[in-house]
């Protein structure tokens, strides 16, 4: 098949096309680089507890190990209230950037076991799951059943940002405000 000469691009037309698309490609590449840098920078999972405006946060491993992480905010967070001997009393919680297949168990006892204590367990159904700031006692309003876990779909008390990817997979009695004593976090091993 013969090509028609008037349909073939001349070298000048080809150069013009390349020069016109170059700024677009440069802009796309710069945006992709800045997006990946931002994603890498804030990929670290973090859990925060709040007693009023007093906050206490802990960075979590992005991938798990053999032993779940136990965090006792009453013991490690700054003292609350006017008396320096009063323990930190977590009333609100926020969790950001959790990997898929992670679990978070909240318990009102320093023993970190469910038996005989108030507790609730959550898991993540997507990567970079986010539980925006809400009262610890409000989590029970999202609890589903054993057959159908309840997804948490609140908007943050302070940011109005939506929660996504967290669901309630088990619950006992409700933890009273200020009584949260132990958080057990399990993240999946790399490649699982």
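The values are calculated or read from the model by the stated rules, or taken from the named source; none is laboratory data. In this text, all values refer to a predicted model and were calculated from it rather than measured experimentally. All Cβ positions, glycine included, derive from the backbone under ideal geometry; neighbour counts span all protein chains shown.
Summary table
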item: Candidates 176, 171, 189, filtered to the one that is over 16 Å from residue 94 (Cβ atoms) and in contact with a strand residue (DSSP E or B) (Cβ under 6 Å, 6 or more places away or on another chain); result: 171
item: Matching entry among 172, 150, 116 (being touching a helix residue (DSSP H, G or I) at 6+ places or on another chain (Cβ under 6 Å) and surrounded by fewer than 20 Cβ atoms within 10 Å (Cβ to Cβ)); result: 150
item: Members of the range 37-54 found to be modelled with pLDDT of 65 or more and surrounded by fewer than 15 Cβ atoms within 10 Å (Cβ to Cβ), listed by number; result: 43, 44, 46, 52, 53
item: Any hit, the range 107-118, residues being modelled with pLDDT of 95 or more and either within 20 Å of residue 163 (Cβ to Cβ) or within 14 Å of the chain's Cα centre (by Cα) (or both); result: no
item: Selected residue (only one of 161, 143 is out of contact with any helix residue (DSSP H, G or I) (no Cβ under 8 Å at 6 or more places or on another chain), surrounded by fewer than 20 Cβ atoms within 10 Å (Cβ to Cβ) and closer than 24 Å to residue 62 by Cα); result: 161
